[in-house]
Amino acid sequence: MTQPDKPPTSGPGPFAAMVNEAKNGNIRMRMDLEEFVHMDRACQKMIDNIFQIQRIMHEVSEATHWGLGEDYRGPDGKTLISGQKVVERFKTKSKAPGDSETNYSSNSVWAVMESHRRAVLDIQAMYREARKQITDADAEAAARYKQLEQTLPQRPAPPREPFHARGLPPKHPK
């Protein structure tokens with residue numbers, strides 16, 4: 001079982017109807033062309049990150065040795081069933097047997113990421129269709145968009161706030 005090098009981009013996603021509405025020109029939005037460029041880049045970055053997670057989960061699901069006692073044999077020849085079960089659960093949670101681009105109904109990390117990836121693909125397609133409606137109707141906007149795609153700098157990442165759990169009791173000094 002091998003993982004593809006690139007994620008597939010076909011097949012209906014959760015927002016397929018919205019994409020079709022955009023294709024038919026039934027979605028109206030007001031947006032600067034710069035924002036279309038930023039939105040497309042953000043969607044692509046999210047898709048790439050999700051695919052990276054899926055690739056890791058695929059590798060995890062195919063790992064042969066975990067060091068959790070799954071290969072242990074006692075002097076009497078008995079195996080450590082708990083080690084085998086833990087490994088089996090980790091493997092299935094990372095990517096269940098049968099998970100694929102067309103079957104992602106399990107609750108594995110890989111399948112959850114696939115459903116997220118499909119949602120982002122649809123959002124990206126909807127914005128591309130809306131932008132296409134604008135650039136197909138206006139040659140000046142089309143030329144400006146092409147220029148922006150090539151020259152617009154990446155939007156800086158927002159500053160990250162440190163994570164603080166709320167609602168937990170305070171730590172008591174020992």
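Within region 11-63, track down each residue that is among the polar types (S, T, N, Q) and in contact (Cβ under 8 Å) with a residue 24 or more places away in the chain.
Passing the criteria: 44, 54, 61.
In region 140-158, what residues are part of a loop (DSSP other than H, G, I, E, B) and touching a residue at least 40 places away in the same chain (Cβ under 8 Å)?
152, 154, 155
Consider residue 119 carefully, then state whether it is open to solvent by 70 Å² or more (accessible area, probe 1.4 Å) and either hydrophobic (A, V, I, L, M, F, W, C) or in contact with a strand residue (DSSP E or B) (Cβ under 6 Å, 6 or more places away or on another chain) (or both).
no
Could you tell me whether residue 125 is over 27 Å from the mean Cα position of the chain (by Cα) and either in a helix (DSSP H, G or I) or surrounded by 12 or more Cβ atoms within 10 Å (Cβ to Cβ) (or both)?
In short, no.
The values are calculated or read from the model by the stated rules, or taken from the named source; none is laboratory data. Treat the numbers as computed from the prediction; the structure is a model and nothing was measured. Note: ideal-geometry Cβ built from the backbone for every residue, glycine included; neighbour counts use all protein chains shown. The accessibility values were calculated without ligands, DNA or RNA, using every heavy atom of the protein model including side chains. Shrake-Rupley method; radii C 1.70, N 1.55, O 1.52, S 1.80 Å.
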